[in-house]
Amino acid sequence: RMRSDTLQLTGEFDLGAVDLKSYTQYREEEVTQHTEGDYSSYAVLSLGLPDRSKIMSQELVINSKPGGRLQYSGGLFLFRQKVDAEVKLAAPFAAAYGLAPDAATLFDFSATGAKVSTYALFADVTYEAVDNVFITGGLRASRDEVKGVYYQTFPGVPDMLTYQPDRKDDKVTPRVVVRYKPSNESSIYASFSKGYKSAIPDYRSTSGKPYLEPENVDAWEMGAKYGTGRLSAEIAGFLYNYKNLQNGYYVSGATILSNAAKARIKGVEASLRYDFGGGFELSASGTYVDAKYRNFDVAGYFDPILSRDLDGDGRLDFEGLDTSNTVSAAGNRVQQAPKFSGTISARHVTDLSGGKLTSSANLFHTSRIYYDAANQFSQGSYNILSARVEWTAPSERWSVAVFGDNLFDETYRTQFQVGTSGVGLIYGEPRTYGV
């Protein structure tokens, strides 16, 4: 269950020489998840995971007027978040007292929280050095602050909290782009940028430190774009070097955090769209990615425990997973990064009975996806076909449509949840259709 209350205000102001935009948002969220921790049909390890947060952000952006060889933008950004998260554990034998599993008494097993702030100044300048050659330089200076980091000292004792030290980080990240525009329809570019992901609290200092260090990435990209009224095409090659990747692994059921990993991700992506006329349009896109860990010495590895023949069938029974082992993930594929993924789409629009009949179909393909750094759990390649036919009335005030998703009825997994008791699988939706 999630409840979100949001207030958002956008302002646009013409100041003569420049335009000013203001984006303001305040949001309160309360999310409650319930999960079955042992992946069995018994409500033995029922977990409640409430999470409450308050978020405020403010951004001011100044943009130069269009036209002229010099274009620029700049501004400031403020972000603040207060988050409190808990783990509530159900009484193991609630059913014995006549309680339904979802009515089982939950007690405060653990709690964590923090206040996070980010302040940033940024600027981006583009100059047409010679005709049709543009040079862009950008810079972002930011400060990240984490305060009031706490965790529940003992499981089941909600009033005893341990506080971690505060932390401040200052970071400057640049961006450089060179772009050549041979014609109004085409553009060729090359870019380099640096980025980072902020330090995060390691609430119980499992890594030996109270915080995981920030992730860093150096990103290179080269590409070309072409577009007319009927044809558009893009292609780009990219190389990302990641350092200090923030990772977690299990030891005897406990999550241990680390900054151990480095990764290199390189690849090519392309897209093509063509309007054949007569209301028929075809498009395709695809990405090839070579994403591997360069080093990661402590990737979690899960060995099945086979010890007793409880049902008398002459075979050892599965009794959980040994989560005390780690392996080196160097050379393994980065999780959630298939070698190839792509989409082919077709769309046709025609007049019918004074209205518009729109028919569309979309075929998505992905190669094997790994869900852990040790490459122990994966989903093989699969294809998802979706289609839709919609008629819109001449008034454009109403329409009727039939649709179908996953028409091949592919069975595929979207998530693995691994713990000491077993592996929980989350599946994608089966064939779905409706009006």
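The values are calculated or read from the model by the stated rules, or taken from the named source; none is laboratory data. Owing to the predicted nature of the structure, the values given are computational and were not obtained by experimental measurement. Note that each Cβ is placed from the backbone with ideal geometry, even for glycine, and that neighbours are counted across all protein chains shown. For accessibility, only protein heavy atoms count, side chains too; no ligands or nucleic acids. Shrake-Rupley method; radii C 1.70, N 1.55, O 1.52, S 1.80 Å.
Some points to look at:
- Reachable lysines from Lys356, criterion Cα separation under 23 angstrom, eight or more residues apart if same chain: none
- Amide H partners (placed H, <5 Å) of Ala330, local residues excluded: Phe296
- Value of relative contact order over the chain, rounded to a whole percent, pairs C-alpha under 8 Å and six or more apart: 7
- Shape of segment 254-380, Cα gyration tensor, a/c cut at 1.5: oblate
- If you sort the three axes of the alpha carbon gyration tensor as a ≥ b ≥ c, you get a/c of 1.5 or more for segment 119-217 and a/b above b/c, which makes it prolate.
- Averaging Cα coordinates gives a centre for segment 137-177 and one for segment 348-385; these two points are 38 Å apart.
- Accessible carbon and sulfur surface of the chain relative to its total accessible area, %, 1.4 Å: 56
- The Cα atoms of segment 328-420 give a gyration tensor whose axes a ≥ b ≥ c have a/c of 1.5 or more with a/b greater than b/c, which makes the shape prolate.
- Among the chymotrypsin sites (Phe, Trp or Tyr not before Pro) within segment 14-84, those in coil by DSSP and having at most 16 neighbouring Cβ atoms inside 10 Å are Tyr39, Tyr42.
- Rolling a 1.4 Å probe over the heavy atoms of the protein chains gives segment 301-435 an accessible area of 59 Å² per residue.
- Hits among lysines - C-alpha to C-alpha of Lys262 under 17 Å, sequence gap 8 or more where chains match: Lys194, Lys197, Lys243, Lys292
- Between Ser386, Trp398, Ala270, the Cα set farthest toward the positive side of the dipole of the chain (charges on each charged residue's Cβ, about the Cα centre) is that of Ala270.
- Among [x] 36, 26, 19; [y] 43, 33, 25; [z] 29, 26, 23, the entry that matches semi-axes √(5λ) of the Cα gyration tensor in Å as calculated here: [y]
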